[in-house]
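Novice: Dumping the structure here so I can ask a few things about it.
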Amino acid sequence: MNAALVEFAANGYERASTNQIIKNAGIGKGMLFYYLGSKKELYHYLVEYSLDVIENEYMSFINMAETDFIKRLRQATHLKMKCFVENPGVFNFLGTFFLGSDIDLPEKLQKRYANLTQRGYDIMYANIDTSLFREDVDVEKAFKLIQWALDGYQNEIIARLQGEKMTDVDFEPYWEEFYGYLDVLKKSFYK
């Protein structure tokens, strides 16, 4: 599975090579197609598996009772980074999938993806106490700016850590830096 995630993430569906997948996995081609039938079925299986990981190891742990938007984002970012460290192949695969899948998904997977996308939106924005924001701030625009800032910081950290063995990285300095940015955001948008 990891070999397939890596191959599709690196090359997309069309250019991904099942020969490279079996070589990297150390299995025979017959074994791959015995269990999954075709390259397309393998891809669909990986989409399903990756959505399971995001749903069960990330989204289901976000505390919706937290009504402070920045605190909820802080929590979600922690969980997302933990999930990324434990499942880098899934995140890399989904990164290429989200940027524009070059294969049609069955209706069942399209619906699941749409539902999960909506659930993710709800997790981040539902039940937020907007009274924490200053009166002169457009809350919807603040949501977007804060999310963009945190996504940008997260992408910068991932780029800085490229090639590092994640289990050996001391994340404490990164979290301290991250908390500093959250304080700036809070001072900028909150009362």
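Novice: Got a sec to turn the phi values of region 142-153 into Karplus ³J(HN,Hα) couplings, 6.51 cos²θ - 1.76 cosθ + 1.60 with θ = phi - 60°, whole Hz, x for Gly and Pro?
Specialist: 5, 3, 5, 4, 5, 4, 4, 4, 5, 4, x, 5
Novice: A further question on this structure: Can you give me the solvent accessible area of Ser188 with a 1.4 Å probe, rounded to the nearest 10 Å²?
Specialist: 50 Å²
Novice: Could I ask something else about it? With Cβ to Cβ distances under 10 Å as the rule, what net charge do the other residues near Glu66 carry (K, R +1; D, E -1)?
Specialist: With Lys, Arg at +1 and Asp, Glu at -1, the neighbours total +1.
Novice: Restricting to Cα pairs below 8 Å that are 6+ residues apart, what does the relative contact order work out to for the chain? Please round to a whole percent.
Specialist: 26 percent
Novice: Less than 12 Å Cβ to Cβ from Thr18, Lys/Arg counted +1 and Asp/Glu -1: what total charge do the surrounding residues give?
Specialist: Local charge sum for Thr18: +3.
Novice: Separate question: Expressed as an acute angle from 0 to 90° and rounded to the nearest 10, what is the orientation of the C-alpha long axis of helix 2-15 relative to the principal long axis of the chain?
Specialist: Here the helix axis deviates by roughly 80 degrees.
Novice: Rounded to the nearest whole Å², what accessible area per residue is found for the chain with the 1.4 Å probe?
Specialist: For the chain, the per-residue accessible area is 58 Å².
Novice: Report Asp138's accessible area, 1.4 Å probe, all protein chains in place, as a number in Å² to the nearest 10.
Specialist: Estimated to the nearest 10 Å², Asp138 gives 80 Å².
Novice: May I pose another question? Cα axis of helix 88-98 to longest principal axis of the chain: angle in degrees, 0 to 90, nearest 10?
Specialist: 90 degrees
Novice: Let me ask you something else. At a Förster distance of 45 Å, what's the computed FRET efficiency of Gln20 paired with Lys191, Cβ-Cβ distance as r, to 0.05?
Specialist: That pair, Gln20 with Lys191, gives E of 0.25.
Novice: OK, next. Using only the alpha-carbon atoms of the chain, report the extent along each of the three principal axes, biggest first, to the nearest angstrom.
Specialist: 63, 39, 25
Novice: Where the centre of each part is set by its Cα atoms, how far does region 127-141 sit from region 1-76, in angstrom?
Specialist: 36 Å
Novice: Between the helical axis of 39-57 and the dominant principal axis of the chain, each derived from Cα atoms, what acute angle in degrees is found, rounded to the nearest 10?
Specialist: Taking Cα atoms only, the helix is inclined about 30 degrees.
The values are calculated or read from the model by the stated rules, or taken from the named source; none is laboratory data. What you are looking at is a predicted structure, and each value in this text was computed from that prediction instead of being measured. Backbone-built Cβ (ideal geometry, glycine too); neighbour counts: all protein chains shown. The accessibility values were calculated without ligands, DNA or RNA, using every heavy atom of the protein model including side chains. Shrake-Rupley method; radii C 1.70, N 1.55, O 1.52, S 1.80 Å.
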